[in-house]
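Visitor: Before we start, here is the structure in question, set down as structure tokens.
Just so it is clear, none of the values below were taken in a lab; they were calculated from the coordinates. All values reported here derive from a predicted model rather than from experimental measurement. Cβ placement follows ideal geometry from the backbone for every residue including glycine, while neighbour counts extend to all protein chains displayed.
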DNA sequence: CACAATAGCGACCGATCGGTCGTATGCCAA
DNA sequence: TTGGCATACGACCGATCGGTCGCTATTGTG
């Protein structure tokens, strides 16, 4: 180990994943290449490869990291609210705030990954679908926890997901800064 | 010209654009390569390149073709309806039908292109943004044509775009066949 | 019938891709 | 102190990328 000390291996891996996540957010998961990351992090390509073995493993690691960021930014702030309507309102606020603040430079990582992999096959696609499915199920569960919302739980979950995607696109592609506000309004309207 | 007759040049070009559009729908616009198209169409790579010169020109041609398909599938069926609310309802029906029928094998071409290029620069990104902007403006114009909807025109356009994207993702990534129905309901609800 | 214009071809270019290999270096345990 | 293990390295592999070049074969026109 020429440069870093032994215990820093995990830190190196961490830096690679972090960088891969940022690159993927703007260039797509397929745009994450060993050579690119090696250049960015000023290390050899083989050194990067060594930590993951395959590009797919690296993509999965970046995806998992992005999921953690999303959870921290959107779920955790809302978890303090009471289950049901209150929590859904909190989620709507945290979610649109997360979009407005552009936590990922290239827009919502999971939305981009979804578009990129939605018509392929393999572990990455499965992981992306699983992440969305989990989040969808959280929304449905919260709606079902509220007797008034329960009958419309599926539609509410759909509306929330749609509004977030609409806001993401309006922001990223058209630079429409009013989009998070409209999405928040739309989510509130979905709750009735 | 060894294989085709002189007047068939336009036909050859047409076939390339058609194929590029289909490939881009599932693999993304960046996944359209000269070599791939040459293999698919059983011609030489140089023969494909000759019609466009650069990959970017080919991407723009595929994008333009996809816009024509979208217009034909969503706008034209609705154009017969009276301006305002009636036409927006017709658009909602044609649009969700277009999604349900999976006109593009990889889901809505323009949605995929938007995700792929929303944080880049250059003519392709500009063309994608322009296509979305045009469609957005059509929706706003129709809403404004109806005195009852006019005050909410911008929000209605946002909701329509969001619902379509939500349905596209639910269909493509999660295989949720109920999504077009939910999107149609959501669009109708947006009209109040 | 000659001739310019054009469509398509095969060969080739440098760059980059994902990934492998052997090797040098540094840490820790025996 | 020595030996094993893990980290990172440089060099290299075949494949593919976007794109160029010179050539042939065919066409419509003079």
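Visitor: Counting only other chains, and only Cβ atoms inside 10 Å, what mean value do you get across the residues of B:165-177?
Guide: On the way: counts 12, 9, 4, 5, 8, 8, 1, 6, 12, 7, 2, 4, 0.
Partner Cβ neighbours, averaged per residue: 6.
Visitor: Sorted by mean Cβ packing within 10 Å, highest first, what order do the peptides B:165-174, A:137-146, A:9-18, B:22-31 take?
Guide: Working: B:165-174: 24.5, A:137-146: 18.3, A:9-18: 15.3, B:22-31: 20.5.
Listed from highest to lowest mean packing, they are B:165-174, B:22-31, A:137-146, A:9-18.
Visitor: Normalised radius of gyration for the protein assembly as shown, please: alpha carbon Rg relative to 2.2 N^0.38 Å, two decimal places.
Guide: 1.05
Visitor: Using the number of other C-beta atoms within 10 angstrom as an exposure proxy, rank B:118, B:8, A:185 with the fewest first.
Guide: B:8, A:185, B:118
Visitor: Can you give the percent of C-alpha pairs in chain B whose distance is more than 20 Å?
Guide: Details: 10679 of 18336 pairs.
The calculated P(r) of chain B puts 58 percent of pairs beyond 20 Å.
Visitor: Per residue of A:151-164, count partner chain C-beta atoms within 10 Å of its C-beta, then hand back the mean as an integer.
Guide: 5
Visitor: Stokes-Einstein at 20 °C, 1.002 mPa s, Kirkwood radius from Cα pairs: D for the range B:38-118 in µm² s⁻¹?
Guide: Using the Kirkwood radius from Cα pairs, D works out to 145 µm²/s.
Visitor: Moving on. Using helices alone, what [θ] at 222 nm do you get for chain B, with -39,500 (n - 2.57) per DSSP H run of 4 or more residues, divided over all residues and rounded to the nearest 500?
Guide: Values: 10 runs with 136 residues, N = 192.
The per-residue figure over chain B is -22500 deg cm²/dmol.
Visitor: Something else about it: Once you average over the residues of B:105-116, how many Cβ atoms of partner chains fall within 10 Å of each Cβ?
Guide: Working: counts 1, 4, 3, 1, 0, 0, 4, 4, 2, 6, 16, 7.
For peptide B:105-116, the averaged partner shielding equals 4.
Visitor: Once the principal axes of the Cα atoms of the range A:85-149 are found, what is the range along each, listed largest first in whole angstroms?
Guide: Reported extents, whole Å, longest axis first: 39, 26, 12.
Visitor: So what does the Cα-only Debye profile of the range B:1-84 read at q = 0.11, 0.14, 0.18, 0.26 Å⁻¹, as log10 I(q)/I(0), no solvent term?
Guide: Cα-only, vacuum Debye calculation for the range B:1-84: -0.36, -0.53, -0.75, -1.27.
Visitor: Specify the inter-centroid distance of the range A:12-36 and the range B:106-120, based on alpha-carbon positions, in whole Å.
Guide: If we compute the Cα centre of each part, the gap is 20 Å.
Visitor: Oh, and also: Any idea what the residue B:83 label distances to the other copies are, label 7 Å down the Cα→Cβ vector, nm, shortest first?
Guide: 5.2
Visitor: Which order do peptides A:37-46, B:127-136 fall in by mean Cβ count within 10 Å, highest first? Let's see the in-between values first.
Guide: Values: A:37-46: 14.2, B:127-136: 18.0.
So the peptides A:37-46, B:127-136, ranked by packing, come out B:127-136, A:37-46.
Visitor: Separate question: In whole angstrom, how far apart do the alpha carbon centroids of the range B:39-83 and the range A:124-192 sit?
Guide: Value for the Cα centre distance between the two parts: 32 Å.
Visitor: Follow-up. Give the nm distances, rounded to one decimal, from residue A:151 to the matching residue in every other copy, measuring between label points 7 Å along Cα toward the beta carbon; shortest first.
Guide: 2.9
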